[in-house]
Amino acid sequence: MYKRVMVPLDGSELSESIIPQVVSVVKPSNATVVLFQAHEAIEPSVREVMGEDIASKLDTVTREDAQSYLDKIAGDLANQGINSEIVLGKGRPAEAIIQYATTHAIDLIIMATHGRSGISRWAFGSVAEKVFRQSPVPILLGPVAGTRA
């Protein structure tokens, strides 16, 4: 049985498409869903060009937007009788997901794949693939609606 299931979301409808599978996995075990979103820091050279005041405001707005987004998802899960926590991570998404899952007693990671292949996968990388290859925590990957994984 799972106690804590991590669901990394990037704010897109594509990443949210995994939520029905999350519900079907966690409901029987009464697990807590850890809704997770990571953000990379603004590069120091970019911060310098922007100015610290603007960069700091951008950081704040980004975190507030992420919090609001995850609050909405948490509310939707609560309406289905599912407990959740919200975690705003820092750093590159794949590394932040693995680090958090490894250090916070996560039993399972459930995430959607964007279904990229070929040149777009090479150009953009795949957070799901990196997590799959590097995480010591079990992972359930699901394709987004309308794609083949």
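The values are calculated or read from the model by the stated rules, or taken from the named source; none is laboratory data. Model, not experiment: these values are computed from the prediction. Cβ sites come from the backbone with ideal geometry, for glycine too, and all protein chains shown count toward neighbours.
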- Query: List, please: which pairs have Cβ atoms under 6 Å, are six or more places apart or on different chains, and start with a residue in region 65-86 that is within 18 Å of ILE97 (Cβ to Cβ) and of a type in the set (Ser, Thr, Tyr) and end with one that is assigned to a helix (DSSP H, G or I) and modelled with pLDDT of 95 or more?
  - Reply: SER84/ALA74; SER84/LEU77
- Task: Go through region 1-55 residue by residue and tally those that are surrounded by 13 or more Cβ atoms within 10 Å (Cβ to Cβ), of a type in the set (S, T, N, Q) and modelled with pLDDT under 90.
- Result: 1
- Output the residues belonging to region 106-130 that are at pLDDT below 95, closer than 26 Å to MET1 by Cβ and either touching an Asp or Glu at 6+ places or on another chain (Cβ under 9 Å) or outside any helix (DSSP H, G or I) (or both). MET111, ALA112, THR113
- Going through region 75-93 in order, the residues found to be assigned to a helix (DSSP H, G or I) and in contact with a helix residue (DSSP H, G or I) (Cβ under 6 Å, 6 or more places away or on another chain) are PRO93
- Message: Based on this model, can you work out whether GLU95 counts as in contact with a Leu (Cβ under 9 Å, 6 or more places away or on another chain), closer than 16 Å to MET6 by Cα and of a type in the set (Asp, Glu)?
- Response: no
- Which of the residues spanning region 78-112 are within 12 Å of VAL34 (Cα to Cα), surrounded by fewer than 20 Cβ atoms within 10 Å (Cβ to Cβ) and aliphatic (A, V, I, L, M)? ILE82, ILE86, VAL87, LEU88, ALA105
- Of all residues making up region 30-74, the number that are of a type in the set (Gly, Ala, Ser), part of a helix (DSSP H, G or I) and farther than 18 Å from ILE19 by Cβ: 3
- Out of all the residues in region 61-75, is one or more within 28 Å of MET1 (Cβ to Cβ), over 15 Å from the mean Cα position of the chain (by Cα) and modelled with pLDDT of 90 or more? yes
